[in-house]
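The values are calculated or read from the model by the stated rules, or taken from the named source; none is laboratory data. As the structure is a computational prediction, the values presented were derived from the model and not from experiment. Note that we place each Cβ from the backbone using ideal geometry, even for glycine, and neighbour counts take in every protein chain shown. These area figures cover heavy atoms from the full protein model, side chains too; ligands, DNA and RNA do not enter into them. Shrake-Rupley method; radii C 1.70, N 1.55, O 1.52, S 1.80 Å.
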Amino acid sequence: MIDSLIDKDWVEALWLILDFALAVLLLGLAAAAVGTRDLRRGIALFIAFGLLVALVWARLRAPDLALAEAAIGAGVSGALLLAALRDVPPSGLPSVGARGLPLWLLNLGSVTLAVLLGWALLLALAGSDGIRLADLALANLEHSGVSNPVTAVLLNYRAYDTFLELGVVLAAVLGVLALGPARRSVRPAGPVLNSLIRLLLPLLIVTGGYLLWIGATAPGGAFQAGAMLAAAAVLLRLGGDATAGLPGAVGQRWLLALGIAVFAAVGLGVSTGGGAFLAYPHDWAGVLILLIEAAAMLMIACALALAYLGGRPAGWTIGDREGG
Amino acid sequence: MLDAVGLALIGTGLVFFAAGSIGLLRLPDLHSRLHALTKADNLGLGLLAVGVAFLAGDLLIAVKLLLLWLLVLAASAASAHLIARHARLRGQGR
């Protein structure tokens, strides 16, 4: 952007200072978020931490991850945590040690995880100069149907991983639905929040569609787009809409199944010609990826909205009992 | 020349951000803190956006930055109102 300045030494020095400040702040916020005893304070620090992580990803030239972290890591997760905070009893949560798992086991697990992560980092930094996966991914980009390498990895080379990830999302939202009825609706919003919602809602929906479409060529994709739609649902809920703008229970079931169903149908469909599961034919790859991503976006948005509601909205029936 | 103007605007914007942050830390109660944040930071962000638009030298980017600034203005005005209203209903912040 500022080409005329980029080769000057002092700009390099400024970037270095900025990166150093980011790294120090990131570690400080992480320590503060984990260390505080006040849950509300911890959540606020965690949201700030997520925004900072998004900045760090942007500095590492990973705009896809920066977008996902800002939308899901800081935005939606923050909203989920704040909503869950209202369920904490006034007496506070029972301490970890009282919940069955001995503390030494948790500490041992944490230390093991830290050692493994350190080992992985060491390998990544000092590893051999063999064939890197990134080179392979870029070399085959023209066959993938999209020109954004991240989307190519997620929806083409490693589409099976993404397929299973949607399965994880579905399993998680089934767990949420099993928790019980949704949280009680907040009181109706005042005129100021209502006009803000009226302003933001169409923008969020258009941005979601844009992120879905642009994901083929630039940072974006189903997860970021789904987070945008989920943010619209959260806003509606904050405005007093008890179901957060979701369709009825049958519609929600269809939306939740859609992501997996379209993915599986496409995967099986392309394998009828003798190919492997999810090995798209070259000419159709772009269209099929867009189809899968559109279905996945709707499913992710519905799942996140249900997670924010924290249970079954009105209209769900389990056996012969009303869900709401 | 345009770069210099842009950098100057960004520098001025940062001064307003600093003032807003100091106000948040130093002012005595919730309402004056909100006042410091919403006034100073919104102006700072506007100056920052104009400065970045000068550096980019592209009309499309300038329009995008303007729209972003307007969005942040709307969101920050509404959230400051919500925080103040919540505090008033709870009888805090006086």
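Here is how the numbers come out for the structure above:
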{"quantity": "Qualifying position, being more than 14 Å from every other protein chain (Cβ to nearest Cβ) and of a type in the set (A, V, I, L, M, F, W, C), among B:Leu89, B:Leu82, B:Leu67, B:Leu30", "calculated": "B:Leu30"}
{"quantity": "Boolean, A:Val53 is under 22 Å from A:Leu154 (Cα atoms), touching a helix residue (DSSP H, G or I) at 6+ places or on another chain (Cβ under 8 Å), among the aliphatic types (A, V, I, L, M) and not assigned by TED's automatic domain parsing to the domain that holds A:Leu238", "calculated": "yes"}
{"quantity": "Residue match in segment B:42-64 (condition: away from chain A (no Cβ under 14 Å), of a type in the set (Gly, Ala, Ser) and more than 22 Å from A:Asn194 (Cα to Cα))", "calculated": "yes"}
{"quantity": "Test: residue in segment A:204-223 that is in the same structural domain as A:Gly240 (by TED's automatic domain parsing), out of contact with any Leu (no Cβ under 9 Å at 6 or more places or on another chain) and touching a residue at least 24 places away in the same chain (Cβ under 8 Å)", "calculated": "yes"}
{"quantity": "Options A:Ala71, A:Ala44: the member that is among the aliphatic types (A, V, I, L, M) and either more than 14 Å from every other protein chain (Cβ to nearest Cβ) or closer than 30 Å to B:Leu2 by Cβ (or both)", "calculated": "A:Ala71"}
{"quantity": "Selection within segment A:182-203 - open to solvent by less than 80 Å² (accessible area, probe 1.4 Å) and away from chain B (no Cβ under 13 Å)", "calculated": "A:Ala182, A:Arg183, A:Ser185"}
{"quantity": "Segment B:78-94 - residue that is assigned to a helix (DSSP H, G or I) and open to solvent by 60 Å² or more (accessible area, probe 1.4 Å) and, of those, farthest from A:Gly190 (Cα to Cα)", "calculated": "B:Arg90"}
{"quantity": "Whichever residue in segment A:210-264 is over 19 Å from A:Gly75 (Cβ atoms) and open to solvent by less than 20 Å² (accessible area, probe 1.4 Å) and, among such residues, is modelled with the lowest pLDDT", "calculated": "A:Ala249"}
{"quantity": "Only listed residue being under 30 Å from A:Ala189 (Cβ atoms) and either without any contact (Cβ under 8 Å) to a residue 12 or more places away in the chain or not hydroxyl-bearing (Ser, Thr, Tyr) (or both), chosen from A:Leu290, A:Leu278, A:Leu268, A:Leu238", "calculated": "A:Leu238"}
{"quantity": "Residue tally, condition open to solvent by 60 Å² or more (accessible area, probe 1.4 Å) and in contact (Cβ under 8 Å) with a residue 40 or more places away in the chain, over segment A:151-171", "calculated": "2"}
{"quantity": "Condition met for B:Gly20 (open to solvent by less than 30 Å² (accessible area, probe 1.4 Å), more than 14 Å from chain A (Cβ to nearest Cβ) and either assigned to a helix (DSSP H, G or I) or out of contact with any helix residue (DSSP H, G or I) (no Cβ under 7 Å at 6 or more places or on another chain) (or both))", "calculated": "yes"}
{"quantity": "Test: residue in segment A:111-133 that is of a type in the set (S, T, N, Q), open to solvent by 30 Å² or more (accessible area, probe 1.4 Å) and at negative phi", "calculated": "yes"}
{"quantity": "Selection status of B:Ala36, under 13 Å from the mean Cα position of the chain (by Cα) and at pLDDT 90 or above", "calculated": "no"}
